[in-house]
Amino acid sequence: MIQTVRGTRDILPGDMPLWHRVEDVAREAFRRYGFHEIRTPIFEKTELFARGVGEATDIVHKEMYTFVDRARADSEGESLTLRPENTASVVRAYIQHKIFADKSPGELTKLYYIGPMFRRERPQAGRYRQFYQIGVEVMGSSDDPAIEAEVIEMLDWFLKELKITNTTLLINSVGEPASRAAYLETLREAIRPKLDQLCADCHHRFETNALRVFDCKVESCQAIVKDLPVITDSLDEASRAHFEQFKAHLDARGIAYTINPRMVRGLDYYTRTAFEIIGHDGLGAQNTVVGGGRYDGLSETLGGPPTKGFGFAFGLDRMVMSLPDGEVEGLRAADAPDVFIVFLGEAARQHSFNLARDLRQAGVAVAIEFEDRKMKKAMAAAAKAKARYALIIGDNEVATGKYGLKNLQTGEQESLSLEEIISKLN
RNA sequence: GCGGGUAUAGCUCAGUUGGUUAGAGCGCAAGAUUGUGGCUCUUGAGGCCGAGGGUUCGAGACCCUCUACCCGCCCCA
């Protein structure tokens, strides 16, 4: 049997209402907050991610699906990559189409996207090789922290609307590239004397990304790590002021947060504000549902004009997993037909086809089977489909033009004409 | 890339120290009930017990190899 490849999965019709719910609420949030959709290709030139996301990141150096395109007679095949994230692509599109060109100073470009991303990691709960993200990017000349607070306010509304309540907002500032580099040096100097007391993983982290030692789960490492200097104590003055304003904007909106000076994002392009929302219900060890931050300078890195940027992405898969059980049940039921037609005999069958068409043209969701079954079986099928009504049609009904409309919840049944049925259901 | 676990019906799972025709619940089908669902009862269909090899008189079970999936580490959404 041919199966889905490792880390990919079919999202079956039974779960689709949950995905639609998350997408619908997200689109509604974006409409209210003035975001517009953009769709970029699922694969791009490898160089885009190498430069945009960062050559040294795990994503680029060990998780990308990269392949060489077919060569032409006059050139070698070029290296292409399935997108591991979407920010680099959106910024590329922003530059390529000069989306900034008709904007006045201070005017923002606010975009959102939704679609699959690809990373070649070992799958586990809440982690897939093809996964889905919904994200936004705010680009322009302004880096006002009020922008950041507003985006988080939108997320706050979004989560509440989905009844996902047990979450924590973590915020941090990773500073300007220069101050971050200086801090990293300070940190490494602080770690170096204690290096022999740290675990093997931490030795590796020390070499590649020293900030990561803060995340180590080994107890003996944590004991050392808790006394190390944190980035928020060595921010440049501008970043510190920016962070203070950001927090004030959140306070003014009544949005609760936890400062986590040890939170690091895995992509190179982040500057200053970084944030994360972690969920606590329905998730495995991978409990980050939203990750985002500021990426001033990414445009320049990709050959575009000086641009400030702020955005986030959330994992659709993880968001769906976070939906409370109580919500899930109702969402699944919403997919059911309004009316299930139960017919008896060939004449009624033929009549039912036209009736189904008329109802559908009037906007009613109609289910009909094509096999003439015993009424008891047909009624059971209607109940199984969770139809709101059964429409019963036999020879009598065809003759009189009055059909039996039975409410399957209450069991009440009345005899109605087509017009009466339509007006009742609309 | 590394570690742990699991693999038996469509689904969720039992299956004793190795012993006859491999079971349950749910689901599916038929009937009790010839024009009225959910509840109940009866009956039925549905299995190369993940693959290959080995031990044995005998393997779903024990051993080896492989594969797949799940969970975790790294890292991230």
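The values are calculated or read from the model by the stated rules, or taken from the named source; none is laboratory data. Just so it is clear, the structure is predicted and the values come from calculations on it, not from any experiment. Glycine also receives a Cβ, built like all others from the backbone with ideal geometry; neighbour counts cover every protein chain displayed. We work out accessible area using only protein heavy atoms, side chains counted, and drop any ligands, DNA or RNA first. Shrake-Rupley method; radii C 1.70, N 1.55, O 1.52, S 1.80 Å.
What full-extension length gain, to one decimal in nm, is calculated for A:ASP395 and A:LEU184 as 0.36 nm per residue of separation minus the Cα-Cα distance?
67.6 nm
In whole angstrom, how far apart do the alpha carbon centroids of the stretch A:370-418 and the stretch A:42-89 sit?
57 Å
Order these peptides, A:196-202, A:70-76, by their mean beta-carbon neighbour count within 10 angstrom, highest first.
Highest mean packing first, the order is A:196-202, A:70-76.
Do any trypsin sites (Lys or Arg not before Pro) in the stretch A:98-144 lie in a loop, going by DSSP, with at most 16 other beta-carbon atoms within 10 Å of their beta carbon, and if so which?
Qualifying residues, ordered by number: A:LYS98, A:LYS103, A:ARG120.
Using label points projected 7 Å from each Cα along Cα→Cβ, tell me how many nm separate A:ALA256 and A:ALA365, to one decimal.
3.6 nm
Name the residues whose placed amide hydrogens come within less than 5 Å of the amide hydrogen of A:GLU78, ignoring near sequence neighbours (fewer than 5 apart) on the same chain.
Close amide H contacts, sequence-distant or interchain: A:ASP69.
If you average the C-alpha positions of the stretch A:211-234 and of the stretch A:121-186 separately, how far apart do those two centres end up, in angstrom?
If we compute the Cα centre of each part, the gap is 21 Å.
Please report the carbon-and-sulfur percent of the accessible area for chain A; probe 1.4 Å, protein heavy atoms only, DNA, RNA and ligands left out.
Carbon plus sulfur share of accessible area: 50 percent.
Given a 1.4 Å probe, how much area per residue of chain A is accessible, in Å²? Write out the running numbers ahead of the final one.
Values: 21410 Å² over 426 residues.
Per-residue accessible area for chain A comes out at 50 Å².
Compute the Cα gyration tensor for the stretch A:121-264, then decide on rounded, prolate or oblate, letting a ≥ b ≥ c be the square roots of its eigenvalues: rounded whenever a/c is under 1.5, prolate when a/b is larger than b/c in the other cases, and oblate in all that remain.
oblate
Note down the relative contact order for chain A as a percent, whole number, built from C-alpha pairs under 8 angstrom at least six residues apart.
16 percent
Under a Cβ-only charge scheme (Lys and Arg +1, Asp and Glu -1), can you give me the dipole magnitude of the stretch A:336-425 about the Cα centre, in debye to the nearest 20?
380 debye
With a ≥ b ≥ c taken as the square roots of the eigenvalues of the C-alpha gyration tensor of the stretch A:336-425, please select rounded if a/c is under 1.5 and otherwise prolate if a/b is larger than b/c or oblate if it is not?
Here the stretch A:336-425 falls in the rounded category.
In nm, what is the difference between 0.36 nm times the number of residues separating A:GLU244 and A:ALA71 and their Cα-Cα distance? Kindly include the intermediate steps, with their values, before the conclusion.
Numbers: separation 173, 0.36 × 173 = 62.28 nm, distance 5.29 nm.
My answer for the length gained is 57.0 nm.
Using +1 on the beta carbon of Lys and Arg, -1 on that of Asp and Glu, and nothing else charged, what's the dipole of chain A about the Cα centre, debye to 20?
Using only the charged Cβ atoms, the result is roughly 880 debye.
Tell me, what is the FRET efficiency for A:ALA347 and A:ASP10 to the nearest 0.05, using R0 = 56 angstrom and their Cβ-Cβ distance as r?
With a Förster radius of 56 Å, E is 0.85.
What FRET efficiency do you get for A:GLU107 and A:LYS163 if R0 is 41 Å and r is their Cβ-Cβ distance, rounded to the nearest 0.05?
0.70
Mind checking the full-extension length gain between A:LYS226 and A:THR301? Use 0.36 nm per residue of separation minus the Cα-Cα distance, one decimal, nm.
Difference between extended and current length: 23.5 nm.
Would you please classify the overall shape of the stretch A:23-132 from the alpha carbon gyration tensor, given that a ≥ b ≥ c denote the square roots of the eigenvalues, rounded means a/c under 1.5, and beyond that prolate means a/b larger than b/c while oblate covers the rest?
oblate
In the stretch A:336-425, if the dipole is taken from +1 on Lys/Arg beta carbons and -1 on Asp/Glu beta carbons about the Cα centre, which of A:ALA356, A:PHE340, A:SER423 is farthest to the positive end?
A:PHE340
Calculate one ³J(HN,Hα) per residue across the stretch A:210-222 by plugging θ = phi - 60° into the Karplus curve 6.51 cos²θ - 1.76 cosθ + 1.60, and present them in order as whole Hz with x for glycine and proline.
Karplus-based 3J(HN,Hα) across the stretch A:210-222 equals 4, 4, 5, 4, 4, 7, 4, 8, 5, 4, 5, 6, 4 Hz.
In the neighborhood of A:MET117, defined by Cβ-to-Cβ distances under 10 Å, what is the net charge if each Lys or Arg adds +1 and each Asp or Glu adds -1?
Residues close to A:MET117 contribute a combined charge of +2.
For the stretch A:103-119, take each phi angle, set θ = phi - 60°, evaluate the Karplus expression 6.51 cos²θ - 1.76 cosθ + 1.60, and give the result in whole Hz per residue in order, putting x for glycine and proline.
Residue by residue, the stretch A:103-119 yields 9, 7, x, x, 7, 9, 9, 10, 10, 9, 9, 8, x, x, 10, 9, 9 Hz.
Around A:ASP296, which amide H atoms from residues at least 5 apart in sequence, or from another chain, sit under 5 Å from its own amide H, with H modelled in the peptide plane?
A:THR271, A:GLY309
Quick check: Cα centre of the stretch A:1-22 to Cα centre of the stretch A:271-323, how many Å?
23 Å
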